[in-house]
Amino acid sequence: MLSQLNDSQRIAAEHIDGPLLILAGAGSGKTKTITTRLAYLISIGIDPASILTLTFTNKAATEMRGRAYSMIVDMSSPPLLATFHKFGLLFLKFHINKLGRKNNFVIIDTDDKKKILRAIDKETTTSILANEISKLKNSIISVSQAKASASDKYYAKIADVYEKYENYIYKNNLVDFDDLLLLTYKLLEENEDLAKQTSRRYQYIMVDEYQDTNELQYKLLKKLCHSHTNLCVVGDDDQSIYGWRGATIKNILTFDKEFPNTKVIKLENNYRSTDTILYHANQLIEHNRDRIGKKLVGTRGEGNSIKVYESNDENEETRKLVDDVKKLIDSGINPAEIAILFRVNALSRSLEDGFNRANVNYKLVGGMKFYERAEIKDLIAYFRVITNKNDNFSLKRIINKPKRGIGKTTIEKIELESLSSKKSMFSVIEDYSAEELAKIVGIKNSRTLKVFMASVNDLQDVLIDSKMRFIDLFEETFDFKVSFEKVIDSADRIANIDEFYGLLRDFFIQNIDLNLEDFLNEISLESAQDDISNAAISMMSIHASKGLEYGHVFIVGLEEGFFPIVGDGSNLEEERRLGYVAFTRAKDELTLSFVHSRFYKGRRTQLTKSRFLSESALIKGCLTIDKSSAFKKGDSVKHKIFGIGKVVSSCKVGKDFKLKISFSGNTRDILSSFVEKI
């Protein structure tokens, strides 16, 4: 089995005792190495039952299990190879009684969790509550700690809901997904004998995709290594792209400090991409400071040059991609070997429209088609009601979006009245007096519905006078975008809404004589792509592409603000890692595309090409970041007096840096030696 490995892979596979960090570059045979090491340990007589291998997905666990078992001739009992959460489940089945709970607990899924939270708090968006509680658990913050550290009314409310939620699931012997790890850690933290016993049972531990671990997973691993340091982790600091989900890149960057005498092995031979693709990917990622450092080396030859497309707008960009894709398919390339990647999901709209018109089959991997997204379907329903007040189906969808206190029972009452009076639901609201309506739905709901009805009528009038003013007034009237500001994926949803508004504006500009109803009819035709029965190309976000590979890859949207995303909340180094991931999905050919203008926040905006194009040595003249700069714009820093702030600008002053830092809106000039980077 070892003869199938290169020198670095073999050294990693033959390492037995002590901490081991395998830095596995993209396409470097990571899975092959870790599965061979598992098989090798068993082949030299180590008890399979003493080996624990942890992954992030069931798919990865199944693949690794199949590969490892195929190499093992004789095995008395199989090693435990599972996801973190599956391990937690097995552990709790044996030991949860030590927390005063029964081991016949029931695991609740996301929908169950949301139902419980909805019953506790009907005002706050349920997905926000679920996400906040998940973050608290993965940061190992108890109810009492959450209540003590609540900095304002919002977090005080979250802490209160957290307490009620925890009491409910404890009382009903339920365990949520996060508890599988949190309760396992709690058991090991509070019972040293159990920690020793568990650590002695699992003498050899391996972890896949270590760069994606969070604080809780790291601390759990430390507990599992209570009695030994035989921990092997495999990962790539240059592919750490889930910071927004709680992953902590410092886990892999500081591994050798947390586990002294770590052996570090770099897998740098890439078996996927051409030398040209790897050269430019290496050039890009070298601009990052927070990395251990490695350089991918190709094994497949130079290959074709990377193409860079420059277009005036997204429509021209899409036409170029359609032409290229058609040529590839006509030349005999399997559509399954072609992928189009984007950083911002809203960019899929122009691509979908263009490929629909060209009759080129596509599939959206790990995502939803633009016109099928909930926020877009809501907008379409709103506009359908405005153009046709008798559309009961659309009215029911949006009558309580954004939330205005109109519940399911109220909607059913209006619908019953609609049937008995043979009027549309909107006509019931409009034609009945406030007093008559109050008898059906109550005084408060009657007032709310009358205001809603008046708003729709006002918008109908504005639409007749000014189609452009209609779009602005619609948003002002219903605060549709604002309602998405605190949901988990708010940036994506708001970008989709802006894209839709922009699409409508452009339709009105290009078709002066057509109206809103014509627009709705047109997009109904655009979005009705036939079911894919033939082979299809793939479209997806860069996040969704991780772990995949394609012969021909197109990356669109290489403009400042779209890729990289810049501004508050963005992390330029993580954006650059996303670029590195995107480049290294390509095996044979890579095409990058930027435009001079796109719809942005509902309006056409002039854009600057992405700094990544110059940082990857593909073109000259983009924004660049000084590689040696210790502090940069956007860095989060901490000052012992002023607290946490964001760097606004940085300039070198001798051996130090003079920083302009914004502390909650107050800007101060401070030398870098007096702050700590977060």
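Quick notes on this one:
- Selection from the range 167-185 of residues that are in a helix (DSSP H, G or I) and buried (at least 18 other Cβ atoms within 10 Å of the Cβ): I169, D179, L180, L181, L182, L183, T184, Y185
- The lone criterion from (1) surrounded by fewer than 22 Cβ atoms within 10 Å (Cβ to Cβ); (2) outside any helix (DSSP H, G or I) left unmet by E352 is number (2).
- Looking only at the range 355-374, and only at residues there that are assigned to a helix (DSSP H, G or I) and open to solvent by less than 10 Å² (accessible area, probe 1.4 Å), the one that is modelled with the highest pLDDT: F355
- Search result, residues across the range 259-270 that are in contact with a helix residue (DSSP H, G or I) (Cβ under 9 Å, 6 or more places away or on another chain) and either open to solvent by 20 Å² or more (accessible area, probe 1.4 Å) or without any contact (Cβ under 8 Å) to a residue 40 or more places away in the chain (or both): T262, K263, V264, K266, E268, N269
- Failed condition for G246, given (1) more than 19 Å from the chain's Cα centre (by Cα); (2) open to solvent by 10 Å² or more (accessible area, probe 1.4 Å); (3) not hydrophobic (A, V, I, L, M, F, W, C): (1)
- Within the set K377, K396, the sole residue that is in contact (Cβ under 8 Å) with a residue 12 or more places away in the chain, over 15 Å from L449 (Cα atoms), in a helix (DSSP H, G or I) and not aromatic (F, W, Y) turns out to be K377.
- As a summary of the residue check, F599 satisfies the conditions (1) open to solvent by less than 30 Å² (accessible area, probe 1.4 Å); (2) under 27 Å from the mean Cα position of the chain (by Cα); (3) of a type in the set (A, V, I, L, M, F, W, C); (4) at pLDDT 85 or above except for the one numbered (4).
- Residues being modelled with pLDDT of 80 or more and either buried (at least 19 other Cβ atoms within 10 Å of the Cβ) or in a loop (DSSP other than H, G, I, E, B) (or both) - total across the range 615-645: 9
Yes or no, residue by residue, for (1) out of contact with any strand residue (DSSP E or B) (no Cβ under 8 Å at 6 or more places or on another chain); (2) under 26 Å from E549 (Cβ atoms); (3) open to solvent by 10 Å² or more (accessible area, probe 1.4 Å); (4) modelled with pLDDT of 90 or more:
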{"site": "P19", "(1), (2), (3), (4)": "no, no, no, yes"}
{"site": "L23", "(1), (2), (3), (4)": "no, yes, no, yes"}
{"site": "A26", "(1), (2), (3), (4)": "no, yes, no, yes"}
{"site": "T36", "(1), (2), (3), (4)": "yes, yes, no, yes"}
{"site": "Y40", "(1), (2), (3), (4)": "yes, no, yes, yes"}
{"site": "L54", "(1), (2), (3), (4)": "no, yes, no, yes"}
{"site": "A61", "(1), (2), (3), (4)": "no, yes, no, no"}
{"site": "M71", "(1), (2), (3), (4)": "yes, yes, yes, no"}
{"site": "S77", "(1), (2), (3), (4)": "yes, no, yes, no"}
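- The residue list Q4, Q9 contains one member that is under 23 Å from E268 (Cβ atoms), touching a residue at least 12 places away in the same chain (Cβ under 8 Å) and open to solvent by 70 Å² or more (accessible area, probe 1.4 Å), which is Q4.
- Taken over the range 463-503, residues that are open to solvent by 30 Å² or more (accessible area, probe 1.4 Å), of a type in the set (A, V, I, L, M) and either part of a helix (DSSP H, G or I) or at positive phi (or both) amount to 7.
- Every residue from the range 102-127 that is under 22 Å from the mean Cα position of the chain (by Cα), closer than 16 Å to Y154 by Cα and outside any loop (DSSP other than H, G, I, E, B): T126, S127
- Counted residues, the range 227-241 - those being open to solvent by 30 Å² or more (accessible area, probe 1.4 Å) and out of contact with any Lys or Arg (no Cβ under 6 Å at 6 or more places or on another chain): 1
So that you can scan it fast, the table gives a plain yes or no per residue for (1) open to solvent by less than 70 Å² (accessible area, probe 1.4 Å); (2) farther than 18 Å from G579 by Cα:
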position: T254; (1), (2): yes, yes
position: K257; (1), (2): no, yes
position: E286; (1), (2): yes, no
position: I292; (1), (2): yes, no
position: G303; (1), (2): yes, yes
position: N312; (1), (2): no, yes
position: N315; (1), (2): yes, yes
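- Scanning the range 236-294 for residues that are modelled with pLDDT of 95 or more and small (G, A, S) gives S273, A281.
- Single residue of the range 603-620 satisfying the filter (out of contact with any helix residue (DSSP H, G or I) (no Cβ under 8 Å at 6 or more places or on another chain) and charged (D, E, K, R)) that is farthest from Q283 (Cα to Cα): K609
- Selection status of E215, within 22 Å of F91 (Cα to Cα) and under 24 Å from the mean Cα position of the chain (by Cα): yes
- Reported count of residues in the range 535-573, each being of a type in the set (S, T, Y) and open to solvent by 10 Å² or more (accessible area, probe 1.4 Å), is 3.
- Applying the condition of being in contact with a Leu (Cβ under 8 Å, 6 or more places away or on another chain) and not in a helix (DSSP H, G or I) to the range 330-349 and asking which residue is surrounded by the fewest Cβ atoms within 10 Å (Cβ to Cβ) yields R343.
- The residues of the range 425-434 that are touching a helix residue (DSSP H, G or I) at 6+ places or on another chain (Cβ under 8 Å) and surrounded by fewer than 19 Cβ atoms within 10 Å (Cβ to Cβ), listed by number, are S427, E430, A434.
- Counted residues, the range 380-393 - those being without any contact (Cβ under 8 Å) to a residue 60 or more places away in the chain and either open to solvent by 20 Å² or more (accessible area, probe 1.4 Å) or among the basic types (K, R) (or both): 4
- Filter pass, I158 being part of a helix (DSSP H, G or I), touching a residue at least 40 places away in the same chain (Cβ under 8 Å) and surrounded by 15 or more Cβ atoms within 10 Å (Cβ to Cβ): no
The values are calculated or read from the model by the stated rules, or taken from the named source; none is laboratory data. This structure is a prediction, so every number in the text was calculated from the model and none was measured. Every residue, glycine as well, gets a Cβ built from its backbone with ideal geometry; the counts of neighbours run over all protein chains shown. Note: areas computed on protein heavy atoms with side chains; ligands, DNA, RNA excluded. Shrake-Rupley method; radii C 1.70, N 1.55, O 1.52, S 1.80 Å.
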